[in-house]
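The values are calculated or read from the model by the stated rules, or taken from the named source; none is laboratory data. Owing to the predicted nature of the structure, the values given are computational and were not obtained by experimental measurement. Cβ: placed from backbone, ideal geometry, glycine included. Neighbour counts: every protein chain shown.
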Ligand SMILES: Nc1ncnc2c1ncn2[C@@H]1O[C@H](COP(=O)(O)OP(=O)(O)O)[C@@H](O)[C@H]1O
Ligand SMILES: [Mg+2]
């Protein structure tokens, strides 16, 4: 009971400043748009965006579902492929030397260039969107996880070996658990970009999704609806970030107790 | 590291070990040392003299440059406690035993039975980060004890603890060993710790490490505060101090 209250108090302390600032900005926005009488096709007032939201609340969930599943599947794929690739790169130094520069170069190819190509190659269905999200999410996960695997405590590995651990046991018992925090750090970054990746891929061509919703609204000069989509995308990004955060908590219950953790703040 | 002659748990002969590098570091230079089964041997020497290196050679983690380091099956406890932050107390206790091939259920059963003796009762589901320094060290010792090995190699197991906790732990370790007999080779740079625990003390010189003295300690057990202030203890302490100072200091 008091623990729940404590958590609530802490949440209020952590998130209240951001929420207050957001409310203040929206109020200023409303006042400025009204005072200067800005045309709604340039910058709509928050109240007008709210009205637009009520208009589209029937069609929006379908688009939201499409984008969410593309982002989720793409993120899951990048997590699986990223972790597997990191294991290979950490395992073989020559392979790491060969592949790492290519990975870095691949990161510098802009997504807006890749997305149309992927759509041309794989059609207009869900696959190209998932692939774009995967391509975006892959890099941070590989880099962070490889680093985590390579930084595992050497003495801990020696200790395991002294008790007869083989390569596989060292991997499972020491290396993988040591790399879990780094993996989640990478996943957190990828999750922040996953929704954006899906939307950009939909931009190129789609039959459903928030990206398509934005394109359609733009062609109809409904800037208010574009803003609705932007707000929904922001909310979705925050939700995916929070989901990964929660998953990390569940996967690493011990992190809660390491020095400087939440436990000591209470 | 297999066929040991009868009557020896550890046998080190002419062991030299040089770490490659620029400049190469001669850590050990012709070390001889024999430990009998059931004996409590202590390796006493200043830091940097190669004590950890000797244990690591016995655990098979570094290869001697010359000579041999033979031991029957050993359980190695490194200088840092090296607990796994992602395993609870019970999981850490069974870590070494599991790797050594003890079935997990059996390892857990044995660990539970010993938790109380190691002062960890009620903490089996705690994370290492929640334990005090003394508890962490006892957990690392429990992990070492649970490995199915005859000989324990303990590298400064109480080195990180404050003086009061350290004395407590020394008394406690004597009690545990009285119940669960093992061969022990313990490393320390603390003379009183050596005399409290040892049947035999080997004194090492500063780097490169050599054995400069071997002292048998026949003080009655358990050795408590009374022992510590006895004339025999004081005499042995004076002897070890001189041995540690070495011949060069007298010039
Ligand atoms: N892996 C290593 N590479 C190079 N030098 C080392 C290594 N480990 C230890 N040494 C050196 O070998 C000497 C003995 O080290 P160590 O066995 O740890 O001493 P002690 O445990 O007695 O303090 C020290 O001078 C140390 O710096
Ligand atoms: Mg040492």
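With respect to the conditions (1) under 30 Å from residue B:217 (Cβ atoms); (2) facing chain A (nearest Cβ under 10 Å), residue B:57 lacks only one, and its number is (2).
Kindly establish whether residue A:184 is within 13 Å of chain B (Cβ to nearest Cβ), in a helix (DSSP H, G or I), crowded, with 23+ Cβ neighbours inside 10 Å and modelled with pLDDT of 90 or more. So residue A:184 fits the description; yes.
Would you check if there is a residue in the range A:149-170 being within 29 Å of residue A:67 (Cβ to Cβ) and either more than 11 Å from chain B (Cβ to nearest Cβ) or at pLDDT 95 or above (or both)? No; the residues of the range A:149-170 include none that is within 29 Å of residue A:67 (Cβ to Cβ) and either more than 11 Å from chain B (Cβ to nearest Cβ) or at pLDDT 95 or above (or both). Within the range A:108-130, the set of residues being over 17 Å from residue A:207 (Cβ atoms) and surrounded by 14 or more Cβ atoms within 10 Å (Cβ to Cβ) comprises A:111, A:114.
Filtered by the rule that a residue be free of Cβ contacts under 8 Å to residues at least 40 places away in the same chain and closer than 18 Å to residue A:137 by Cβ, the range A:101-116 gives A:102, A:104, A:105, A:106, A:107, A:108, A:109, A:110, A:113, A:114.
Scanning the range B:172-214 for residues that are closer than 27 Å to residue B:116 by Cα and surrounded by fewer than 16 Cβ atoms within 10 Å (Cβ to Cβ) yields B:175, B:178, B:179, B:180, B:181.
Given the structure, is residue B:61 at pLDDT 95 or above, touching a helix residue (DSSP H, G or I) at 6+ places or on another chain (Cβ under 7 Å) and within 13 Å of ligand 1 (Cβ to nearest atom)? In short, no.
Being within 16 Å of ligand 1 (Cβ to nearest atom) and assigned to a loop (DSSP other than H, G, I, E, B) is the filter; apply it to the range B:210-251 and report the residue that is nearest to residue B:25 (Cα to Cα). Here the answer is B:210. Evaluate the following for residue B:52: is it within 26 Å of residue B:198 (Cα to Cα), within 12 Å of ligand 1 (Cβ to nearest atom) and loosely packed, with under 15 Cβ neighbours inside 10 Å? No. Take the conditions (1) within 11 Å of ligand 1 (Cβ to nearest atom); (2) touching a helix residue (DSSP H, G or I) at 6+ places or on another chain (Cβ under 9 Å); (3) under 23 Å from residue B:96 (Cβ atoms); residue B:45 misses just one of them, which is (3). Picking from residues in the range B:193-209 that are more than 16 Å from ligand 2 (Cβ to nearest atom) and in a loop (DSSP other than H, G, I, E, B), the one that is nearest to residue B:237 (Cα to Cα) is B:198. Within the range B:48-79, the set of residues being over 15 Å from the mean Cα position of the chain (by Cα) and either over 16 Å from residue B:152 (Cβ atoms) or not in a loop (DSSP other than H, G, I, E, B) (or both) comprises B:48, B:49, B:62, B:63, B:64, B:65, B:66, B:67, B:68, B:69, B:70. The single condition from (1) within 16 Å of ligand 2 (Cβ to nearest atom); (2) over 23 Å from residue B:89 (Cβ atoms); (3) buried (at least 20 other Cβ atoms within 10 Å of the Cβ) that residue B:155 fails is (2).
Taking the numbered list (1) out of contact with any helix residue (DSSP H, G or I) (no Cβ under 7 Å at 6 or more places or on another chain); (2) more than 12 Å from chain A (Cβ to nearest Cβ) in turn, residue B:108 passes all entries but (1). Taking the stated definitions as given, is residue B:82 within 16 Å of ligand 1 (Cβ to nearest atom), assigned to a loop (DSSP other than H, G, I, E, B) and surrounded by 17 or more Cβ atoms within 10 Å (Cβ to Cβ)? When the stated conditions are applied, residue B:82 passes them. Considering the range B:7-31, and only residues there that are more than 16 Å from ligand 2 (Cβ to nearest atom), more than 18 Å from the chain's Cα centre (by Cα) and over 19 Å from residue B:212 (Cβ atoms), the residue that is surrounded by the most Cβ atoms within 10 Å (Cβ to Cβ) turns out to be B:18. The residues listed here are B:93, B:57; of these, the one that is surrounded by 18 or more Cβ atoms within 10 Å (Cβ to Cβ), under 27 Å from residue A:167 (Cβ atoms) and within 16 Å of ligand 2 (Cβ to nearest atom) is B:57.
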